Amino acid sequence: AYGMIRDAMPAEKRAAWEKAITKGVEGMIRTALVKDKIEKIPTHDAMAVYHFGQLMNRDDYKSAATAYLDKVFAAQSPDGFWSENFGPVVNYNFVYVDAIGVYYAMSHDPKAKEALRRAAIYHSNFTYPDGSEVATVDERNPYHKSIVMPNVGFTFSPEGRGFIEHELKLLKGKPIGAEMAASYLLYGEEGEATPPPSEQPHYQHMIGDATNGALVRRDGPWFLCMSSYHPP
């Protein structure tokens, strides 16, 4: 909001906003972006810190943000998800994709783009034919019979755009939230779309291995997920 309205603000108000946001940003750098453990909220913090660094021409802010985000990219499974302990946390994966998508739109960091592509491949495979997310692999969240509208982070790869297109068809005109619509308008990228596996009558996809992984398979109207993810 500050970035949009600052040029129209009275000098006194602008200075007050800058002072307050700077205090918040420096607090996030000092407390959240120094953590070794990768979590979804500090990932959003890093995206916000990077944005303010751009607005204020502060390379030190941007460097602090990218240092944490580099750890986020390194923590992603090669199969496209982030884990807390064992296997995906499906809903939180969307949270990571949202933050990284906005960061990529601002930075064009190639590491972010590849992380988003891998996440899109994971989600497009681990989605039931009705558009709901496969929760069999989830560490702690139960199944929800609902379609999660893919956020702006899915617009930066052909696989992600295909997943968005598929889920939109299943939503059948149901409106998306204003915040997500604004994010698409500000940061979304257009391009080719690769149809997701869920549009195929037969497919199989595996992540991990037989002792610590999962497999999804579709055969006509039947859809199966087998998981060997397990905590001690």
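Observations on the model:
- Yes/no for LEU170 being out of contact with any helix residue (DSSP H, G or I) (no Cβ under 8 Å at 6 or more places or on another chain) and not in a loop (DSSP other than H, G, I, E, B): yes
- Qualifying residue in segment 72-83 (condition: in contact (Cβ under 8 Å) with a residue 40 or more places away in the chain and part of a helix (DSSP H, G or I)): yes
- Look at (1) over 19 Å from MET47 (Cβ atoms); (2) open to solvent by 50 Å² or more (accessible area, probe 1.4 Å); (3) of a type outside the set (Lys, Arg); (4) at pLDDT below 95 and you find that ASN91 fails only one, number (1).
- Single unsatisfied condition, LYS37 versus (1) farther than 21 Å from TYR92 by Cα; (2) without any contact (Cβ under 8 Å) to a residue 24 or more places away in the chain: (1)
- Residue check for PRO42: farther than 19 Å from PRO150 by Cβ and touching a strand residue (DSSP E or B) at 6+ places or on another chain (Cβ under 9 Å): no
- Residue in segment 123-132 that is part of a helix (DSSP H, G or I), among the small types (Gly, Ala, Ser) and surrounded by fewer than 23 Cβ atoms within 10 Å (Cβ to Cβ) present: no
- Residue pairs meeting the criteria (Cβ under 6 Å; at least 6 apart or on separate chains; first over 16 Å from PHE52 (Cα atoms), in segment 98-110; second outside any helix (DSSP H, G or I)): ASP98/ASN151
- Filtered by the rule that a residue be in contact (Cβ under 8 Å) with a residue 60 or more places away in the chain, over 21 Å from ILE121 (Cβ atoms) and hydroxyl-bearing (Ser, Thr, Tyr), segment 143-198 gives a lone residue, SER183.
- The residue of segment 205-232 that is surrounded by the most Cβ atoms within 10 Å (Cβ to Cβ), among those that are over 24 Å from the mean Cα position of the chain (by Cα) and not in a loop (DSSP other than H, G, I, E, B), is ARG218.
- Leading residue by the ranking (surrounded by the fewest Cβ atoms within 10 Å (Cβ to Cβ)) among those in segment 133-142 that are touching a Ser or Thr at 6+ places or on another chain (Cβ under 8 Å) and either without any contact (Cβ under 8 Å) to a residue 24 or more places away in the chain or not acidic (Asp, Glu) (or both): THR136
- Residue in segment 188-195 that is part of a helix (DSSP H, G or I), among the acidic types (Asp, Glu) and either in contact with a Ser or Thr (Cβ under 9 Å, 6 or more places away or on another chain) or open to solvent by 80 Å² or more (accessible area, probe 1.4 Å) (or both) present: no
The values are calculated or read from the model by the stated rules, or taken from the named source; none is laboratory data. Since this is a predicted model, take the numbers as computed values, not measurements. Every residue, glycine as well, gets a Cβ built from its backbone with ideal geometry; the counts of neighbours run over all protein chains shown. The area values use the complete protein model at the heavy-atom level, side chains included, leaving out ligands, DNA and RNA. Shrake-Rupley method; radii C 1.70, N 1.55, O 1.52, S 1.80 Å.
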